[in-house]
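Below is one structure; the comments refer to it alone.
The values are calculated or read from the model by the stated rules, or taken from the named source; none is laboratory data. Owing to the predicted nature of the structure, the values given are computational and were not obtained by experimental measurement. Here the Cβ positions follow ideal geometry from the backbone for every residue, glycine too, while neighbour counts run over all protein chains shown.
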Amino acid sequence: MKPFKKAMLGIAIGATALLGAGIATVQAESQMSAKAEVGLAAPEFKLTTIDGKAISLSDYKGKTVVLMWFSPKCPFVVKHFADKDNQTFNTMYNDYKDKDVVFLAINSAKPTHAYGDVATNKSTIKEWNFQWPVLMDGDGTVGRLYGARTTPEMFVINKDGVIAYHGAIDNDGSPKGPGDVNYVRQALDEVLAGETVSNSETRPYGCSVKY
Amino acid sequence: MANPIWRSSAAIAAACLVCTLPASAQTGKGKGMESFLPQTKEQTKTGDELVKVRAVPYAAGGETFVAVVFDIEPGWHIYWQNPGDSGAAPSLEFTPTDDKGAVRYGDMPFQTTGSTRWPMPERHESAGGILDFVYGHSVVAFVPAGGVTQSQGRVTVGADWLVCRDVCLPGSGQARIQATPSEADLALIQASFERLPTSAFMANVDLRASFSEGKLNIHVPGAKQLIFFPDPSEDMVGPTDAFHEGIADADKLSLQYSHESQNAKVISGVLEVHRADGAEAFVQVSVPGPAASGAAEEHKGTE
């Protein structure tokens, strides 16, 4: 059970099937009950990056995947790019990219919102030299599927396709600056070492996802 | 039942001079503020400019306070101590100063004497089942303190906040304790004070609350509507679906709590109670959690 989290769209559960590495397939366009919970198979999705490249979660079968719900102007995201020499997400990318870890940012804001505006996202990605591919989820299907409510909200999916961590990026829920304990790094270190994640759920913080 | 302690909704609404939200948003009914706010209005003001703070002495109920007024730009909101699914709570810090801003601890009589008390927040519902607890209009925080009146101009309150509408902006500000509030501020202060939650005994509310089998169960006989706001928690203890279960047009409310609540010694929050005659009350709720010693025995048969 996820504290403060629960599927809000109990509308229709689409056809769900398990693929090889435990990744659940769902109908992308239908509104689903979110089943993105620690210990369960990560729901499959297919989205297009802001540069037009189609990406499916199942493309990364056998790899560790980090998902981040992204917003270009949210203060809780911005604070992680304020220190040019130690940008939380870019530093993490550089430290783990050669360890079979894939990083994907998802923006579930509607396109009419300032946070979902393509031009704003592109200029911010360039300004921050953001290394993660940003997947646009303008109708919010994948955000709802995962029950994402904040930016930055984080998931770590292990190489077996199972969600190993869900929650905040770190232990400072204020918009002032990064915390001194990065939960995602902790989870990644434990997942890569083949260990059970000791702190598998924390309370996500941030701006609301602008569905 | 005529009860002087139950406050009239109409009186509170009249006293809330700067309320800008429609009634549906203030009572938590309907779909929240974002449904009627412009989605991408050009934003020119900074977070510092959208909220202004003032601090004045205030005495009520035999206590003295620093009343910290948060003057919020209409259409924007700041957050309660438990912000809910998103957002961040404001913070306050007091600094002794002399006229030049230098710290002068030695002869400062000012001293805070208790936790800051915040009026009842409002539910703010957004698409995606996101629920926040906010102040969608100007509001006052009450800091219990001694030596307030002697500290005018010599103590500065610093405040940080996150202010949101369709977008969010961090902000901060400072204010020295003023001598007296303006008439408008006094009306706002009194209206906010009326919305401070109190014990069920003080509010004269027949509150029956218990926690069993992972659920917080609340019953207020005669209530027309109940709205529950869980206290902040550092250890993941909280309702799993306050969006749906935190409000009921009934005299009973039941909220499923996270499995971490098994380790909680206390389950707490505040409750907004509306009665059929329009009266309302704001009540603290605190019941022993599963980890409290003897909790099961103590609360067996409370309901």
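Below are the figures for this structure:
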| item | result |
| --- | --- |
| Whichever residue in the stretch B:260-288 is surrounded by 15 or more Cβ atoms within 10 Å (Cβ to Cβ), within 14 Å of chain A (Cβ to nearest Cβ) and farther than 17 Å from B:ILE218 by Cα and, among such residues, is modelled with the lowest pLDDT | B:GLU260 |
| Which listed residue, of A:LEU135, A:LEU188, A:LEU145, is in contact (Cβ under 8 Å) with a residue 60 or more places away in the chain, under 17 Å from A:ALA42 (Cβ atoms) and within 12 Å of chain B (Cβ to nearest Cβ) | A:LEU145 |
| Verdict on A:LYS210 being out of contact with any Ser or Thr (no Cβ under 7 Å at 6 or more places or on another chain), surrounded by 18 or more Cβ atoms within 10 Å (Cβ to Cβ), within 14 Å of chain B (Cβ to nearest Cβ) and not acidic (Asp, Glu) | yes |
| Residue in the stretch A:67-89 that is among the aliphatic types (A, V, I, L, M), within 14 Å of A:GLY161 (Cβ to Cβ) and more than 14 Å from every other protein chain (Cβ to nearest Cβ) present | yes |
| Residue within the stretch B:187-202 that is in a loop (DSSP other than H, G, I, E, B) and over 25 Å from B:THR64 (Cα atoms) present | no |
| Test: B:PRO83 is modelled with pLDDT of 90 or more and in contact with a helix residue (DSSP H, G or I) (Cβ under 7 Å, 6 or more places away or on another chain) | no |
| Single unsatisfied condition, A:LYS84 versus (1) within 22 Å of B:LEU169 (Cα to Cα); (2) in contact with a strand residue (DSSP E or B) (Cβ under 8 Å, 6 or more places away or on another chain); (3) of a type in the set (Lys, Arg) | (2) |
| Test set (1) at pLDDT 95 or above; (2) touching a strand residue (DSSP E or B) at 6+ places or on another chain (Cβ under 9 Å); (3) charged (D, E, K, R) - A:LYS35 fails condition number | (1) |
| Those residues of the stretch A:37-62 which are over 30 Å from A:SER123 (Cβ atoms) and away from chain B (no Cβ under 13 Å), in sequence order | A:LEU40, A:ALA41, A:ALA42, A:PRO43, A:GLU44, A:SER58, A:LYS61, A:GLY62 |
| Complete set of residues in the stretch A:96-106 that are in contact (Cβ under 8 Å) with a residue 40 or more places away in the chain and either at negative phi or in contact with a His (Cβ under 7 Å, 6 or more places away or on another chain) (or both) | A:TYR96, A:LYS99, A:VAL101, A:VAL102, A:LEU104, A:ILE106 |
| Where a residue in the stretch B:226-237 is touching a residue at least 12 places away in the same chain (Cβ under 8 Å) and its partner, wherever it lies, is β-branched (Val, Ile, Thr), with Cβ under 7 Å and at least six apart | B:LEU226/B:ILE218; B:LEU226/B:VAL220; B:LEU226/B:VAL273; B:ILE227/B:ILE247; B:PHE228/B:ILE218; B:PHE229/B:VAL270 |
| Considering residues of the stretch A:168-211 that are among the charged types (D, E, K, R) and in contact with a strand residue (DSSP E or B) (Cβ under 9 Å, 6 or more places away or on another chain) only, the residue nearest to B:GLY129 (Cα to Cα) | A:LYS210 |
| So A:PRO111, is it surrounded by fewer than 19 Cβ atoms within 10 Å (Cβ to Cβ) and in contact (Cβ under 8 Å) with a residue 60 or more places away in the chain | no |
